[in-house]
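First up is the structure itself, then whatever we jot down about it.
Bear in mind these aren't lab numbers, they're just calculated from the coordinates by the rules spelled out. Everything quoted here is computed from the prediction, not taken from an experiment. Counting neighbours? That spans all protein chains shown, and the Cβs are built from the backbone with ideal geometry, glycine included.
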Amino acid sequence: MAKTSQSVIIVGAGIAGLSTSFHLADKGVGKILLLDKGRVGDGSSSRSGAINTMMMATEGASRARGITFDIFERFDKILENYDFHQVGCLNLLDSRQFERARRLHPMHRRAGARFLVLRRREIEERFPDLRIGEDEYGVLDLRGGYSEPDRYLPALSAKVREMGVELREGVTIEEFLIEGGRVTGVRTRESGTLRADSVVCTVNAWANSLMAQAGQPLPVRNFVHERWVTMPLEHPPRLPATNDDARGVYYRPTEDDRVLLGTGAHEAVQIERPGPDFRLTELVPDPRSLPFIQEAVRGRLPLIRGVDIDYHRVGLVSYALDFLPNIGPVDAVPGLYLAVTFNSGGFGYHPVAGFLLAEYMVDGQTSIDASEFSPDRFLDFDTAGYLATTVTHGQMIRDHEARTALPVRKRH
Ligand SMILES: Cc1cc2nc3c(=O)[nH]c(=O)nc-3n(C[C@H](O)[C@H](O)[C@H](O)COP(=O)(O)OP(=O)(O)OC[C@H]3O[C@@H](n4cnc5c(N)ncnc54)[C@H](O)[C@@H]3O)c2cc1C
């Protein structure tokens, strides 16, 4: 691939920043500087459950997630010490949920998803550690699965370094440098002013601390989210990655024979606009989370009956008003690009986010219609007014469903 002379600064070395670096370097961009105020993966990336499906609420999002799977399948081959565990991603639904979900199946097939609708006996035969009710349905996304963030982050960091990306840790960006109406670099606390032709913002929950300063706040809210991991089991769990909507929980096996569990079913604590000095280590798990999960999986996962929880990880998930990511250029500030607000699905979105940004920046256009992710879709919206009000997560979901008649799929 021919080198281009463009220079790019990427702010935030989580999975979104790493993915953007990879795809820019893959397209021949020679000068890429990836910066983080902490260490690589210090944000939510190292805390992720890292479960993925491509069966999303819209066709655009489902197609985008299909590209994510292409990339994970490629990374499985080219990254040292990384495996994409393509064990399938099972969505468990009660009969009422299934009636709604199946209306999306023709769209999912158009978007290229390969999936099976399964009943109790078929599910228990495939995954003997699951117990399913007679009135429940499973939709198995055959390309779905999970990654282990603790192996993926070092593997992808090593790869981008090998491709020539300069990765600097401990550099806090205080603001974007805007001159003559366009972004020309960043002002940092530790390294002064750094200049580049373009700047990419991949700071997840910290987005508005930078975007508001640039006069471009986003209508987004951040919520605390935690996941739990059991002690090791006697045999590898015979489970797929599972979004168990029927019980309001998700779970998956781990590489070291444990079960990872989480929930988005309770009203999550909101953290308003974390500043650059905010660290996720300040967060504690919601005390309602573990008891809820344990009750929800009683009977569902007999293999973890009586097994203790070994550890947890807590992070922030960032939701835009319409529950879609923001990926693309910011028209009002030429040279500035975003890849943020991935909901609780950033592990599923970050590969395609980096891929699309590299297309925008090198080719000037994307190979799929990515307009539903454009940050400019909020141009006519009163973002300042929205951010000045108090809106809970539950209210966000109800408002969105009332506006669009689309169910919010809290999909990983
Ligand atoms: C408990 C939990 C479970 C999850 N489970 C799943 C799942 O199963 N499947 C799924 O798809 N998604 C899941 N997610 C969501 C997913 O993990 C996140 O969406 C994703 O990791 C976000 O990655 P990111 O690179 O955008 O942000 P982050 O990893 O948060 O990285 C942002 C980086 O920006 C840096 N930064 C911030 N401000 C500045 C600044 N001013 N200057 C310099 N650097 C800065 C931070 O230090 C941080 O490293 C989960 C999230 C959590 C918390």
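Spatially, the stretch 184-245 and the stretch 18-52 are offset by 10 Å when compared through their Cα centroids. Per-peptide packing, taken as the mean over residues of other Cβ atoms within 10 Å, places 44-50, 252-258, 84-90 in the sequence 44-50, 84-90, 252-258 from highest down.
Bridgeable lysines around Lys77 (alpha carbons under 16 Å apart, same-chain partners fewer than 8 residues away excluded): Lys159. Residue-normalised convex hull volume from the C-alpha trace of the stretch 49-162: 109 Å³ per residue. Bridgeable aspartates and glutamates around Lys37 (alpha carbons under 12 Å apart, same-chain partners fewer than 8 residues away excluded): Glu169, Glu174, Glu190, Asp277. Enumerate the residues in the stretch 308-324 having an amide nitrogen under 13 Å from the point lying 7 Å beyond the Cα of Thr389 toward its Cβ. Correct set: 321. Net charge of the neighbourhood of Leu283, taken over other residues with C-beta under 13 Å away and scored Lys/Arg +1, Asp/Glu -1, is 0. As a rough guide to protection, the peptides 111-122, 375-386, 17-28 ranked by mean Cβ packing within 10 Å, highest first, stand as 17-28, 111-122, 375-386.
For Lys27, a cut-off of 17 angstrom between C-alpha atoms picks up these aspartates and glutamates, skipping any fewer than 8 places away in its own chain: Asp70, Glu162, Glu166, Asp197, Glu359, Asp363. Between 0 and 90 degrees, rounded to the nearest ten: what's the tilt of helix 59-78 against the longest Cα principal axis of the chain? Helix 59-78 and the main axis of the chain meet at about 90 degrees.
Charge tally for Tyr137 (other residues, Cβ to Cβ under 11 Å; Lys, Arg +1; Asp, Glu -1): -3. Rg and Dmax of the stretch 1-114, both derived from C-alpha coordinates alone, stand at 17.6, 56 Å.
Could you work out how far helix 393-404 tilts from the main Cα principal axis of the chain, as a 0 to 90 degree angle to the nearest 10? Tilt relative to the chain: about 90 degrees.
Determine one quarter of the surface area of the Cα convex hull of the stretch 101-229, which equals its mean projected area, and express it in nm² to one decimal.
Details: hull surface 54.3 nm².
Its Cα hull, projected and averaged over all orientations, spans 13.6 nm².
When the inverse distances between all different Cα atoms of the stretch 4-404 are averaged and flipped, the Kirkwood radius reads 21.6 angstrom. When DSSP assigns beta bridges and you keep just the ones with both residues in the stretch 4-404, what percent turn out antiparallel, to the nearest 5? Counting only bridges with both partners in the stretch 4-404, antiparallel ones make up about 70 percent.
Starting at the first residue of the stretch 332-347, write each ³J(HN,Hα) from the Karplus equation 6.51 cos²θ - 1.76 cosθ + 1.60 with θ = phi - 60°, in whole Hz, x for Gly and Pro. These are the phi-based 3J(HN,Hα) values: 5, 10, x, x, 9, 10, 10, 9, 9, 6, 8, 6, 8, x, x, 5 Hz. Sequentially through the stretch 160-171, phi angles give Karplus couplings (6.51, -1.76, 1.60; θ = phi - 60°) of 5, 4, 4, 7, x, 6, 8, 10, 10, 9, x, 10 Hz, Gly and Pro residues having no value and appearing as x.
Starting from the Cα-Cα distance between Asn81 and Arg187, subtract it from 0.36 nm times their residue separation and give me the gain in nm to one decimal. Spell out each step's value before the answer.
On the way: separation 106, 0.36 × 106 = 38.16 nm, distance 3.55 nm.
Result for the pair: 34.6 nm of gain on full extension.
In this simple spin-label model, placing a label point 7 Å from the Cα along the Cα-to-Cβ direction at both Asp150 and Ser367 gives a separation of 3.5 nm. Computed from phi, the 3J(HN,Hα) profile of the stretch 290-295 under the Karplus parametrisation 6.51, -1.76, 1.60 (θ = phi - 60°) reads 5, x, 4, 5, 4, 5 Hz, with x in place of Gly and Pro. Considering only Thr58, Val160, Gly385, the residue lying farthest towards the positive end of the dipole of the stretch 4-404 is Thr58, judged by Cα position with unit charges set on Cβ. Between Asp380 and Arg398, the simple spin-label model (points 7 angstrom out along Cα→Cβ) gives 2.7 nm. With bins 10 Å wide beginning at 0, the percent of Cα pairs of the stretch 335-392 falling in each bin runs 18, 44, 29, 9, 0. Between Arg279 and Leu142, the modelled labels are 4.7 nm apart [label points 7 Å from Cα along Cα→Cβ].
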